[in-house]
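Inspection log for the structure reproduced underneath, given as structure tokens.
The values are calculated or read from the model by the stated rules, or taken from the named source; none is laboratory data. Computed from a prediction, not measured in an experiment: that's the story for all the values here. Please note: Cβ atoms are built from the backbone with ideal geometry, for glycine as well, and neighbour counts cover all protein chains shown. Protein only, heavy atoms only, side chains kept; ligands, DNA and RNA dropped before computing areas. Shrake-Rupley method; radii C 1.70, N 1.55, O 1.52, S 1.80 Å.
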Amino acid sequence: MSKHEAVSRYNLIIRKLRNHPADFAEIANFLEVQSEIEGYNFKISKRTFQRDVKDIYAIYKIDIQYNFSDKVYYIDNDDQPEANERILEAFDTFNALNITDRLSDHIHFEKRRPQGTENLYGLLHAIKNCVQIRFSYLKYWEGELTRRLAEPLVLKEFKNRWYILAIDLKDNKIKSFALDRLSGLEITKKHFETPSGFNVTSYYRHCFGIVGPNGQEPEEVILSFDPFQGKFIKSLPLHESQEILKDDDEELRLKLRLVLTHDFLMELLSHGDNVKVIAPDKLVNEVKTVYRSALDQYCDEQ
């Protein structure tokens, strides 16, 4: 059997089990039907299927388990549900891109692609093995490269950009560094101890975006969205603390509890006049200041 047929078979098995757990007979029957539809020979023995399960994990990191009580196979998402969901999203994208040789007629790609992903593998290696890293970093507001020595803790994605959360040994503070502004990565051989009790989920629990709490306490935020924009906010919540206070034909009113960071302010501003900040007062005033400054730029032209 060709490699193409084997990979296609893996994809069919994943597709079948994503929809519903199934026993081997159901999987074999599904593959037989697909053989007739696609013109390939996907028929397999149970031994071959068991080998496929191992190959699927090795290639896609999708874990297919067997439920002895129900005697069915299923895709296990319990260990790392968010990571597994992203893997399955990537799997869907791969298959969509693989169905035609003329992609440009059917798919329009984003022209702005994040940079720095070439360092993902090296950074993951450093995190997993707890070894220090050296790199050059460019702050946009400083305009010049600085050399850093840091202890990497975790990789984080935000708005299609990747960041490394690390302890900067210059001042021993936890900071986030954008991968698209990081260059000259060097993986050292010097090991370090991960801070006791550090957990990235807890660290960002009350934060929106990539900026950490930096010693600030979370605050109660009340927002009012117009009904139309509210539909989008309900389908993709701003934060895990999001609680609906009012939802009718006039507004969607929400309560959140988080640290007031620049990232959160930028998110609010991106919604324009579709959102009104009700509380706290200091956030209300901050939004007003930004809008007045923006208006002044246009008033000066008259």
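For this structure, a couple of remarks:
- Förster-model FRET efficiency, 22 Å R0, residue 203 and residue 262, C-beta, rounded to 0.05: 0.80
- For the range 215-302, the equivalent ellipsoid derived from the Cα gyration tensor has semi-axes of 24, 17, 10 Å, listed largest first.
- Taken about its Cα centre, the range 157-236 carries a charge dipole of roughly 280 debye when the Cβ of each Lys and Arg holds +1 and the Cβ of each Asp and Glu holds -1.
- Based on the Kirkwood approach, the hydrodynamic radius assigned to the range 127-245 is 16.6 Å, with every pair of different Cα atoms included.
- Using a probe of 1.4 Å on the protein chains alone, the accessible area found for residue 53 is around 30 Å².
- Inter-site label distance for residue 160 and residue 292 at 7 Å from Cα along Cβ, in nm: 3.5
- Ranked from largest to smallest solvent-accessible area, with a 1.4 Å probe on the protein heavy atoms, 47, 292, 147 come out as 47, 292, 147.
- Solvent accessible area, Å² - residue 261, 1.4 Å probe, full protein context: 10
- Estimated FRET transfer efficiency (residue 190, residue 138; beta-carbon r; R0 25 Å; 0.05): 0.55
- Full-stretch length increase - residue 170, residue 131 - with 0.36 nm per residue and alpha-carbon distance subtracted: 12.4 nm
- Counting only lysines at least 8 places from residue 189 when in the same chain, those with an alpha carbon closer than 20 Å to its own are 128, 170.
- Spatially, the range 1-50 and the range 242-302 are offset by 51 Å when compared through their Cα centroids.
- Cross-link pairs beyond the 20 Å C-alpha cut-off, checked among 156/255; 255/276; 231/288; 16/54; 16/46: 156/255; 231/288
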